[in-house]
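All remarks here apply to the structure that follows.
The values are calculated or read from the model by the stated rules, or taken from the named source; none is laboratory data. Values in this document were obtained by computation on a predicted structure and should not be read as measured data. Note: ideal-geometry Cβ built from the backbone for every residue, glycine included; neighbour counts use all protein chains shown.
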Amino acid sequence: MSRHLTLSANATLLQGGQGLNLHHMIEGSRGAFDLSVFCRTACPGVETKLVPDSLVSRSIARVPFVRRLRDWQTLCSDSNFDSYVAKRINGARIFQGVTGQCLGSLKAARNKSCRTLLDVVTTHIDDFGAQQDRECLKFRVRPSIHPRQRQRMRLEYERADVIRVMSETARRTFLERGFSNKQVVVIPPPINLDEFPEADFAEPKFRVSYVGLIEPWKGFDYLIDAFNALNLPDSELVLWGGPGTRSVSRYLREQMVRNPRILVKPVEIRRRGYGEVYGKSSVLVHPSLADGFGYVVGDAMASGIPVIVTSSTGASDLIADGQNGYVVPPADSDAIRDRLAHLATHPALLRQMGHAARETARSMTFEKFRQRYTSSLDALAA
């Protein structure tokens, strides 16, 4: 059988984290394998099979009240995508799908003697789901992953020959649940340093930035508590992102009224410009309670600013505590406040740690990613 790889992702190329991940997979395997892709948009230079979205998912998105059922919308969309792909897999040596989107596809691929690789962009679903449930309960919102979707993911773990995760942090959540070392491989994403202008720390204010979805399991409220307790003159907290639910929006409005130095900017940062977002920040805080990696951490490091992350986010793999950033326990506002206070009162340390962060990002080359990725594919194809 030829060295043919079929990639499957319910994503739009270069749009969001999953779209960026798809881009990395395409470019990482290009030239090493004959490639075909199932996704939502055409991929230049690659045989692409466009998958139509679920009518049910689109209907849910259009109805105001029902629109809040995000877990149902995702479940319908991913299940429809999987069903479409499963009926059309043909002639691949290796099939690679994304967790939650490929239960039937994995079965169809194995029935056709394909080797299979499952791309898991979060921690193990039992770990990720537990964090979601607890934090969403505080805001009285529905978790984004439906119980049926979680069960699909568990079954996908069992069906895949190899599971790819983005970090050692994510890998540990699988090993703790009985998976073997050989089953779970770590392939961190690359960082393109050239995309990110280096910060010059010329801003008059100590600017703390948060970048990403403003969702309960991202831990943004612990950061807000830390910033309020910091009570530092000439400082501001900017949350670059949009709230996904009404209760989170209400919470943010209340916080901004109480503290005018808290700002929310729901803009797409790629369009705004990395230099405008990271380049004018003093520090990025990524307080996520469960994260397979966290692209924004690598982006901030590439921009030459220090980062504060929790030990439960995958990008903590990149942090040498006290050298290029800080690693703090999850859900610990006091620890975040203490690190912010130290950086705010030691401006020379900001530059020093920012420089070290950029050097760390420099080492995350595309060639390293490509070598790890193609080595895993070669082992499957052998």
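Restricting segment 357-382 to residues that are hydrophobic (A, V, I, L, M, F, W, C), crowded, with 18+ Cβ neighbours inside 10 Å and in contact with a Phe, Trp or Tyr (Cβ under 9 Å, 6 or more places away or on another chain), the residue that is farthest from D299 (Cα to Cα) is L377. Considering segment 135-159, the residues that are among the hydrophobic types (A, V, I, L, M, F, W, C) and part of a loop (DSSP other than H, G, I, E, B) include one that is surrounded by the fewest Cβ atoms within 10 Å (Cβ to Cβ), namely V141.
So that you can scan it fast, the table gives a plain yes or no per residue for (1) in contact (Cβ under 8 Å) with a residue 24 or more places away in the chain; (2) outside the structural domain of H342 (by TED's automatic domain parsing); (3) among the hydroxyl-bearing types (S, T, Y):
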position	(1), (2), (3)
L252	yes, no, no
M256	no, no, no
P287	yes, no, no
D291	yes, no, no
Y295	yes, no, yes
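Residue count for segment 22-35 satisfying the condition of being touching a residue at least 40 places away in the same chain (Cβ under 8 Å) and in contact with a His (Cβ under 7 Å, 6 or more places away or on another chain): 1. Reported count of residues in segment 173-189, each being under 21 Å from the mean Cα position of the chain (by Cα) and more than 24 Å from T365 (Cα to Cα), is 3. Of I269, I336, I262, all but one fail to be hydrophobic (A, V, I, L, M, F, W, C), without any contact (Cβ under 8 Å) to a residue 60 or more places away in the chain and closer than 18 Å to G219 by Cβ; the exception is I262.
Annotation note: Cβ proximity below 9 Å between a residue of segment 1-21 that is free of Cβ contacts under 8 Å to residues at least 12 places away in the same chain and a residue that is surrounded by 15 or more Cβ atoms within 10 Å (Cβ to Cβ) and in a strand (DSSP E or B) (sequence gap 6+ or interchain) occurs for G19/C39. Considered as a group, the residues in segment 213-246 that are surrounded by fewer than 20 Cβ atoms within 10 Å (Cβ to Cβ) and hydroxyl-bearing (S, T, Y) include one that is farthest from C136 (Cα to Cα), and that residue is S235.
Select from segment 316-335 the residues that are in contact with a strand residue (DSSP E or B) (Cβ under 6 Å, 6 or more places away or on another chain) and part of a helix (DSSP H, G or I) and list them in ascending order. Passing the criteria: S316, A335. Looking at segment 320-334, can you tell me whether even one residue there is within 20 Å of N21 (Cα to Cα), surrounded by 14 or more Cβ atoms within 10 Å (Cβ to Cβ) and modelled with pLDDT of 95 or more? Looking through segment 320-334, none of the residues is within 20 Å of N21 (Cα to Cα), surrounded by 14 or more Cβ atoms within 10 Å (Cβ to Cβ) and modelled with pLDDT of 95 or more.
Of the residues screened, L175 is one that is surrounded by 14 or more Cβ atoms within 10 Å (Cβ to Cβ) and among the hydrophobic types (A, V, I, L, M, F, W, C). Determine whether segment 261-284 contains at least one residue that is crowded, with 19+ Cβ neighbours inside 10 Å and under 17 Å from P330 (Cβ atoms). Among the residues of segment 261-284, at least one is crowded, with 19+ Cβ neighbours inside 10 Å and under 17 Å from P330 (Cβ atoms), which makes the answer yes.
What strands (runs of 3 or more DSSP E), lying completely within segment 170-286, carry at least 3 residues that are under 16 Å from I305 (Cβ atoms) and modelled with pLDDT of 95 or more?
Details: elements: 184-186, 206-211, 235-240, 262-265, 283-286.
Per the criteria, 206-211, 235-240, 283-286.
On inspection, V165 fails the criterion of being outside the structural domain of W217 (by TED's automatic domain parsing) and surrounded by fewer than 23 Cβ atoms within 10 Å (Cβ to Cβ).
Mind listing whichever residues of segment 98-134 are assigned to a loop (DSSP other than H, G, I, E, B) and touching a residue at least 24 places away in the same chain (Cβ under 8 Å)?
Going through segment 98-134, the residues assigned to a loop (DSSP other than H, G, I, E, B) turn out to be 99-102, 112-114, 120-124.
Those that are assigned to a loop (DSSP other than H, G, I, E, B) and touching a residue at least 24 places away in the same chain (Cβ under 8 Å): T99, G100, Q101, C102, S113, C114, V120, V121, T122, T123, H124.
Could you check segment 78-92 and list, in sequence order, the residues that are outside any loop (DSSP other than H, G, I, E, B) and of a type outside the set (D, E, K, R)? Lay out the reasoning, then the answer.
Going residue by residue through segment 78-92, those that are outside any loop (DSSP other than H, G, I, E, B) are 78-86.
Those that are outside any loop (DSSP other than H, G, I, E, B) and of a type outside the set (D, E, K, R): S79, N80, F81, S83, Y84, V85, A86.
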